[in-house]
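Shown next, in structure tokens, is the structure this report addresses.
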Amino acid sequence: MTAFKHILVPTDFGETSARAVDIAIELARKFDAELTIFHASWLPPASYSAYAEGLYWPTDEMAREARKELDTTVARVKTLYAKTDGVIGQGEPWQQVLTVANERGADLIVMATHGRTGLSRVFLGSVAEKVVRLSPIPVLTVSGSDAAKERARAHGSDGST
């Protein structure tokens, strides 16, 4: 089995990301690996600005809140696993995950997948799907809660008929 030395765990601070962090902690313990918790702040590209006239993007407040959330998460995780740090990036999340993984020398990414379908998938895309498809290193995806899976099955989005 491969011994991982550095694990990157992207987070959006949601419930599923918290599950991914917990799994990453267990893996980091098992392999005595460095653990980096990462959050990417994202704003719509400038090409959307024509449609957003008069809208205010509270970028400073968003950056402060993201830093506060990341610091809280890292502090909690450090009580469980000391070899932990946190990083914030700005830009398209899937690109930032791959960039930070490369810069930090990560050899495993553990990340949440929200399992979006339909229009939300079209408009929001799938960060996890892009990372899995483009990552040169292994990616372990952590799916959402059992309740979310049951809702997806009820709507036939699990591939069943």
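Rounded to 0.05, the FRET efficiency of the residue 15 and residue 78 pair, given R0 = 22 Å and the Cβ-Cβ distance, is 0.60. With the highest mean first, a sort of the peptides 60-71, 14-25 on other beta-carbon atoms found within 10 angstrom per residue produces 14-25, 60-71.
Around the amide H of residue 112, modelled in the peptide plane, lie the amide H atoms of 142, all under 5 Å away and 5 or more residues distant in sequence or on another chain. Between amide H atoms placed 1.01 Å from N, distances below 5 Å from residue 86 occur with 37, all of them 5 or more places distant or on a separate chain.
Readers should treat all values here as calculations from the given coordinates under stated rules, not as data from a laboratory. Nothing here was measured: the structure is a model prediction, and the numbers come from that model. Virtual Cβ from ideal backbone geometry, glycine too; neighbours counted across all protein chains shown.
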